[in-house]
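Report on the following structure.
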Amino acid sequence: MAKSKKDEVPECGIIRQPIVSVLGHVDHGKTSFLDHIRGSAVVSREAGAITQHIGATEVPIDTVYKICASLIGDKKFSVPGLLFIDTPGHHSFTTLRSRGGSLADLAVLVIDINEGLKPQTIESINILKQLKTPFIIALNKVDLLPGWRSHPGESILISMKKQNKEVQAKLDERFYNIVGHLYDKGFSADRFDKIEDFSKNLALIPISAKTGEGVPDTLLMLVGLAQRFLEKKLWTDETGDGEGTILEIKEERGLGPTMDVILYKGQIKKGDTVVLGTTGTPVVTKVKAILKPKALDEIRDPRERFNSQDCVTAAAGIKLVAQDITGVIAGGPLRVAGKDQQAKVDEIKNSSKLSIETSEIGIIIKADAIGSLEAMAYEAKNADIPIKKATVGDVSRRDIIEAAATSDPLKRVMFGFNVSVLPEAKEELLNSDLKFISADIVYRLIEEYDEWLKIKKRELDAESRLDMVYPGKIRLLPDCLFRLSKPAIVGVRILAGRVRIGQRLMREDGRVIGKIKSIRDGDESMKEAIVGAEVAIAIDGATCGRQIDEDDILYVDIPGAHCKELRNIGLNPDELDVLESVCTIKRKEDKFWGM
């Protein structure tokens, strides 16, 4: 059938490889799925075996032919391969995943068939729905089904037929449980080989990233969907100005600062002027070198050296070396300047602004990339932790001073994700009461903060109790007037509550007679005495025989501001009785005292 003018390939156009985003819940096997395809072990090198930054892997069509040989025979496709984006799986990486999803033509949502849908799974579905990204679901870890017999690299349809009936029944049970949950989310889903209309139904493919079962089916499904539904979208002008997203800024030995970039449109050449996103004015610089990982290697963590390129056309994961990239942020946009450089500068300036809600009092967060920063902000917001300031980069002395100056001791905290504390900041940190929490997995920052917060609250509570004037009732003992005045020293018995140095004492008529200067038990000096103790106290301002005498009952003079709080901290009955007595005495002159 002849193509219409609308469908014709541009004169300088080519069909690019589709970008495929891999999403899902933490530890459900996203990176392991890619590791099987590329024959690597990136997952074992990730912090906590959890992907922290977006990575990119190019899978040539010849590799697809090789893995899927038993399914496709000699059939050929027009797409040149697949460019996989491996996105962080933890739910805090909404922004990174959204950024990854927005780059993607297709997506693979990985779900552990034994665990089913998790909150992060649902979040991934919502992102894909919002961005209208076509996706399939890989139901991973079928090899963990009780009694499963593995057939490495086999089509899942063949492997399933080789299982006994009990295993097949268990697989069906877990499979259709997930189908039911997806239906509740508004999706009509079924096993990939049972679907007739892929535009209306979501395809589910059971797989094992560990053994490779179902991986051929998944790759073939992705290529087939791209060929059938996205071919027109994949035509690209190979001579157009390149557009990309900066994944990460890295210091490479012998190269200096470099940028990992996903080029998703047009081309970029060595010597091109490019506009790069920062937190302020965009950087305009020239490309000194373009490095590209070998096929099946990972731009985030390559096993082999990169190949130098003079020109790269979308879609590709590349490493760029430029003249000056100071201030450039991970997660920011890249544009080849072309003929209208100012328009590109204006566009990037508007798109590089951080969307993090801040408050006057809160913690300070630092991260190595804009996506990580936004992820930390997402976690903090969910945990009701206000943020005062959020910046990309290592921790400076100024950062420490600013964070330590926060008035609220529970917010005198700084989070650091994949950042270093600069030498001049280390000494400042040691001499401050700032709590610096550093981690290379975002959700651990919140976990550590929660633990610290519990301890800090107990410490502050203990301090506030020391500052709180507790109820106290004493009786002056007979024959125990040791000194008449300046200060008066008398023997007393603590009838209820406690007394402490510095507290004022009053009589039952409400008259304040003086302040406790010291408390002694024999030769031992004490800060306070509690109920039942018999001690000698020195009272400044009182004179025996005038303001006080043997058998007098005295009360600790409680400030009215403490009265309400004292009722909420668990006083015992005797202490409450003393507090009520003090209230009765005080309200003879001020009927609203302590209210």
Of all residues in the stretch 218-273, which are at pLDDT below 90 and assigned to a helix (DSSP H, G or I)? Gln227, Arg228, Phe229
Can you tell me how many residues in the stretch 143-159 are part of a loop (DSSP other than H, G, I, E, B) and out of contact with any Cys (no Cβ under 9 Å at 6 or more places or on another chain)? 10
Can you confirm whether the stretch 125-142 contains a residue that is assigned to a helix (DSSP H, G or I), surrounded by fewer than 19 Cβ atoms within 10 Å (Cβ to Cβ) and of a type in the set (Lys, Arg)? yes
Within the set of pairs 6+ apart or on separate chains, which have a first residue in the stretch 138-155 that is more than 16 Å from Ile113 (Cα to Cα) and touching a residue at least 40 places away in the same chain (Cβ under 8 Å), a second that is among the charged types (D, E, K, R) and surrounded by fewer than 19 Cβ atoms within 10 Å (Cβ to Cβ), and C-beta atoms under 7 Å apart? His151/Lys162
Check whether at least one residue in the stretch 565-581 is outside any strand (DSSP E or B) and more than 51 Å from the chain's Cα centre (by Cα), and report yes or no. yes
Among the residues of the stretch 171-183, is any under 30 Å from Arg38 (Cβ atoms), assigned to a loop (DSSP other than H, G, I, E, B) and either modelled with pLDDT of 95 or more or not small (Gly, Ala, Ser) (or both)? no
Residues of the stretch 320-339 being out of contact with any Gly (no Cβ under 7 Å at 6 or more places or on another chain) and either within 17 Å of Leu103 (Cβ to Cβ) or not assigned by TED's automatic domain parsing to the domain that holds Thr258 (or both), which ones? Leu320, Arg335
Kindly establish whether Val284 is surrounded by 21 or more Cβ atoms within 10 Å (Cβ to Cβ) and either outside the structural domain of Asp86 (by TED's automatic domain parsing) or small (Gly, Ala, Ser) (or both). no
What is the residue count in the stretch 402-434 for residues that are more than 19 Å from Thr358 (Cα to Cα), of a type in the set (D, E, K, R) and either buried (at least 17 other Cβ atoms within 10 Å of the Cβ) or in contact with a Pro (Cβ under 7 Å, 6 or more places away or on another chain) (or both)? 1
If you go through Glu580, Glu565, the only one that is closer than 19 Å to Gly502 by Cβ and loosely packed, with under 15 Cβ neighbours inside 10 Å is Glu565
For the stretch 18-33, give me each residue that is modelled with pLDDT of 85 or more, part of a helix (DSSP H, G or I) and not small (Gly, Ala, Ser). Phe33
Just name the residue that is modelled with the lowest pLDDT out of those in the stretch 58-103 that are part of a strand (DSSP E or B) and among the charged types (D, E, K, R). Asp86
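The values are calculated or read from the model by the stated rules, or taken from the named source; none is laboratory data. Predicted model only: the values in this text are computed from it and were never measured. Here Cβ is always computed from backbone atoms with ideal geometry, including for glycine, and neighbour counts include all displayed protein chains.
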